[in-house]
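Written below as structure tokens is the structure these notes are about.
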Amino acid sequence: MTGVQRVLYHLARLALALVFVYAGAVKMQDVVAFAGHVAAYQILPYAMNYLVAATLPYIEFLAGILLLLNLRVRPALVAVGAMTVCFMAALVSVLARGLEIDCGCFDPGGGQDVTAGVALVRDIGLMALLALTWWLRSRTITGSASRE
Amino acid sequence: MMFDDMKRIGLEACVLIALGALFGLTLNHQLVMDAFSGRLVPQQRQPVQELVPVVSPVPVLLDEVRQLTASGALLVDARNPELYAMGHIEGAVSLPIVEIDDALPGFLDRVTKGRSIITYCSGFGCPDSFDLGLRLIEAGYRDVRVFEGGFPEWRDAGLPVAGEG
């Protein structure tokens, strides 16, 4: 692994860490409002929206912290990758049904309306960054023959 | 070797998700339990006089609301008039909790006390429907219920709404 790749790896890892720590932390502040955003997707039964709102921000936050600390990086990438795939599926379903809702991706009380289309494009970028981080991380491990 | 590595990473990712979920559930267990038991309204206020028997509005779920309205129950919207005008459950009348003192006499003239009433507001822990239910019981209505899912649950279930949109 070259020095450039090492720098790139840490930059990508820290960018992802900040995204998920922030996304988790703001939603943890107002779980009820976030449940409202989840309900707006009209995918889950009423009470399940609360279950998602009560757990998802904490998973995002925990994964973000691991990325920040450079610990268990690949498991954290798998976890946030799986969640991002779910978000993308939900957004595609919103677009397909023509719902006009705020994605609720970050601050649930912030009122910064982000449409499903914009959120989907952003998630595609996020997936690319996840893939890049995974690839660079794997090279680090191969290079130094160390384990996670 | 490669496969073992992937298996370990997958397993650790599952543990991470489980830990995060557990953490969230520990902090929000009351909210989740309330959502699943259909009890998303704040605790009722302590009665001023302990000797007076306290009657609370009975919580009802979406299916019951549909059955009750089909058999003649009246839906009453506790939200403010602007929200009512933007969109409300089809057939619901507006009785905003913020204007209750002015609006209640007219409501008493129009609606007999024997009529079944279901109050609702904006769901998600909004207390107005519950407070309105208490006021209607105090005013003499005998069958008062609260639809706690409120307008959002009704709309999200694709049921008929009225208003400006």
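Would you mind finding the longest exposed-site-free stretch of chain B, with exposed trypsin sites (Lys or Arg not before Pro) meaning DSSP loop and at most 16 other Cβ atoms within 10 Å?
Maximal segment without exposed cleavage sites: B:46-112.
I'd like the accessible area for B:His29, computed on protein heavy atoms only with a 1.4 Å probe and all protein chains in place. Round to 10 Å², please.
Near enough 90 Å² of accessible area.
How high is the FRET efficiency between B:Ala157 and B:Met6 when r is their beta carbon distance and R₀ equals 35 Å, given to the nearest 0.05?
That pair, B:Ala157 with B:Met6, gives E of 0.25.
When you have a sec, figure out the Kirkwood radius of the protein assembly as shown from all distinct Cα pair distances and drop it here in Å to one decimal?
The answer is 22.1 Å.
Given a 1.4 Å probe, how much area per residue of segment B:71-158 is accessible, in Å²?
Roughly 41 Å² per residue, with all protein chains present.
Under 25 °C and 0.890 mPa s, how fast does segment B:58-162 diffuse according to Stokes-Einstein, given a Kirkwood radius computed over C-alpha pairs? Answer in µm²/s, whole number.
Estimated diffusion coefficient is 184 µm²/s.
Please identify the helices of chain B, taking whole runs of DSSP H, that span at least 27 Å along their own axis as judged from the Cα atoms and have a mean Kyte-Doolittle score of -0.5 or higher.
B:2-37
Once ligands and nucleic acids are excluded and a 1.4 Å probe is used, how much of A:Trp135 is accessible, expressed in Å² to the nearest 10?
130
Given the C-alpha centroids of segment A:5-75 and segment B:114-165, what is the distance between them in whole angstrom?
34
Given labels modelled 7 Å from the Cα in the Cβ direction, how far is it in nm from A:Ala96 to B:Glu82?
The modelled label-to-label distance comes out at 3.7 nm.
May I ask you to rank A:Leu126, A:Leu18, A:Leu44 by accessible area, largest first, using a 1.4 Å probe over the protein chains only?
Of A:Leu126, A:Leu18, A:Leu44, the descending order of accessible area is A:Leu18, A:Leu44, A:Leu126.
In peptide A:67-78, how many Cβ atoms from other protein chains are near each Cβ within 10 Å, on average?
Average neighbour count from other chains, rounded to a whole number: 3.
Helix A:73-97: angle to the longest alpha-carbon principal axis of chain A, degrees 0 to 90, nearest 10?
Tilt relative to chain A: about 30 degrees.
Taking all protein chains in place and a 1.4 Å probe, what share, in percent, of the accessible surface of chain A do carbon and sulfur account for?
It is 70 percent, rounded to a whole number.
May I ask for the angle, rounded to the nearest 10°, between helix A:116-144 and the longest principal axis of chain A, with both axes built from Cα atoms and the value confined to 0 to 90°?
On a 0 to 90 degree scale, this one is about 20.
Can you give the accessible area buried between chains A and B, summed over both chains, with a 1.4 Å probe, in Å² to the nearest 100?
Buried surface at the A/B interface: approximately 2500 Å².
Any idea what the relative contact order of chain B is, in percent, if you count C-alpha pairs under 8 Å spaced at least 6 apart?
Result for chain B is 27 percent.
Rank A:Val85, A:Val73, A:Val78 by accessible area, highest first, at a 1.4 Å probe radius?
A:Val85, A:Val78, A:Val73
GNM on chain B, C-alpha springs below 10 Å: top fluctuator among B:Ile118, B:Ile17, B:Ile89?
With Cα springs under 10 Å in chain B, the top fluctuation among B:Ile118, B:Ile17, B:Ile89 is at B:Ile17.
Could you work out the equivalent-ellipsoid semi-axes for segment A:1-62, taking the square root of 5 times each eigenvalue of the Cα gyration tensor, largest first, in whole Å?
33, 11, 8
So what does A:Thr115 come to for accessible area, using a 1.4 Å probe and Å² rounded to 10?
80
Give me the percent of DSSP beta bridges within segment B:58-162 that run antiparallel, rounded to the nearest 5.
15
Quick one: grab the alpha carbon gyration tensor of segment B:112-155, order the square roots of its eigenvalues as a ≥ b ≥ c, and give me rounded if a/c is under 1.5, else prolate or oblate depending on whether a/b is larger than b/c.
It is oblate, given that a/c is not under 1.5 and a/b is not larger than b/c.
Of A:Val4, B:Val15, A:Val94, which has the most accessible area and how do the rest follow, probe 1.4 Å?
A:Val4, B:Val15, A:Val94
Which FRET efficiency value, to the nearest 0.05, is calculated for B:Glu164 and B:Leu104 with the Förster distance at 35 angstrom and r the Cβ-Cβ distance?
With a Förster radius of 35 Å, E is 0.85.
The values are calculated or read from the model by the stated rules, or taken from the named source; none is laboratory data. All figures in this text were calculated on a predicted structure; none of them were measured in a lab. Quick reminder, even Gly has a Cβ in these numbers, built from the backbone with ideal geometry, and neighbours come from all protein chains shown. Note: accessible area is taken over every heavy atom of the protein model, side chains too, but ligands, DNA and RNA are not part of it. Shrake-Rupley method; radii C 1.70, N 1.55, O 1.52, S 1.80 Å.
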